[in-house]
1. For region 57-119, go through all pairs of different Cα atoms, get the mean of 1/r, take its inverse, and jot down that Kirkwood value in Å.
2. Which three numbers, in whole Å and largest first, are the semi-axes of the equivalent ellipsoid of region 289-358 derived from its Cα gyration tensor as √(5λ)?
3. From the protein chains alone at 1.4 Å, what is the descending order of accessible area for 213, 126, 66, largest first?
4. On a full-extension model of 0.36 nm per residue, what is the gain between residue 370 and residue 199, subtracting their alpha-carbon distance, rounded to one decimal in nm?
5. Figure the gain on full extension for residue 357 and residue 248 (residue separation times 0.36 nm, minus the Cα-Cα span) and round it to one decimal in nm.
6. Express the Stokes-Einstein translational diffusion coefficient of region 222-318 in µm² s⁻¹, to the nearest whole number, given a Kirkwood radius over alpha-carbon pairs, 10 °C and a viscosity of 1.306 mPa s.
7. How do 18, 234 stack up against each other in accessible area, from largest to smallest, with a 1.4 angstrom probe?
8. With each run of n ≥ 4 DSSP H residues scored as -39500 (n - 2.57), what mean residue ellipticity at 222 nm is computed for the chain after dividing by its residue count and rounding to the nearest 500 deg cm²/dmol?
Amino acid sequence: MNADSVAGDVAALFAPWKQHRIDVNNRLVVAPMTRVSATAEGLPTEAMRRYYERFARGGFGLVITEGIYSDCAYSQGYLFQPGLSDRDHARAWRGIVDAVHAAGGKMFAQLMHAGALAQGNRFRTETLAPSAIQPAGSQMRVYRGAGAYRTPRAMSDADIADAIDGFARAAALAIDVAGFDGIEIHGANGYLLDQFLTDYSNRRSDGWGGAIERRIRFAAEVARAVRRSAGTGKPVGMRISQAKVNNFGHKWPEAEAGAAAVFGALADTGLDYIHVTEFEAWQPAFGAAGPSLVSLARRYAPSLTIMANGSLDDPARAGQMLQHDADLIALGRGALANPDWPRLVADGRHPRAFNQSLLSPLGDIKPCEMQD
């Protein structure tokens, strides 16, 4: 690839995107990252305000929050995780949203339910999941967990309805009270929506389990409920992955047929975008060859905005993804190492490498992340 082509790809990162209710001044997004820096009651803090504002000042067009728990029951996953389960939470978020707006950025709230992977919940001691199957792996120490995950209780139809209602209520608070510009539903990384989608964690024989077309039903119903709650003017999206925090190598056993079922079902719910996250976004989704999961999302949800996430810290690589089915590029580790990534790249400078010590010994916000 010649230098002019690379330069063109990188320049495309700074073009505005104004489709599917999304209106941002460039294609660069801060990906959601769990930072467990709220109060014990789930209220956002001053440290969080300064942390998020810094990305907007650094030139990111869109900032997506870390996963926010959606109800006062089973959704919380981590101690000191922020919530959007009541008006106090929403009013506390308002100051952060206003700060991001003042710095020139837009902000979406990512709503999540941890399901069986909950390891710190101030409301409940038991966990819920589609089926009563103990999750693989161990709780994450970086988020104050220890030991094996608990075996969850299988959700009843009433539990399922309550969880869907929780997402819808949190979305309304996010838009009407906190002032967020949009909603992202966390359907990835092994949390509740992904637990319903995954064959080995969903052994149900009712309408919520079985073939992948039924396993995606819960995510689709959440999407419809949030779409109604958010109103017609605000964008709603969903994050989707194959890998999980407790199973990095997982692949959908249905391969491309599964991707067709997942993305096709989500495209019919009224979503505006799909946020695809893989370890390396450009790699084949299944096996050693073939299309990436981003490309499959474009193929089977062609009317939606597609956001790509996964090791896209290199500007040339990020620019190339815009030429291969992505519309927006979400950075995680690259944004942590470079809250001013867009300004660095626009000035022709190379971003700094990520230092893992930033998330050690805990994943909370460090003092250096609140400074210019």
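1. 12.6 Å
2. 25, 13, 10
3. 213, 126, 66
4. Working: separation 171, 0.36 × 171 = 61.56 nm, distance 4.15 nm.
Additional length available on full extension: 57.4 nm.
5. Numbers: separation 109, 0.36 × 109 = 39.24 nm, distance 2.08 nm.
Separation in residues times 0.36 nm, less the Cα-Cα distance, equals 37.2 nm.
6. Details: Rh = 14.1 Å.
Rounded, D is 113 µm²/s.
7. So, going from the largest accessible area down, we get 18, 234.
8. It comes out at -9500 deg cm²/dmol, rounded to the nearest 500.
The values are calculated or read from the model by the stated rules, or taken from the named source; none is laboratory data. Predicted model, so just to flag it, every value in this text is computed and none were measured. We place every Cβ from the backbone using ideal geometry, glycine too, and count neighbours over all the protein chains shown. Accessible surface areas use protein heavy atoms only, side chains included; no ligands, DNA or RNA. Shrake-Rupley method; radii C 1.70, N 1.55, O 1.52, S 1.80 Å.
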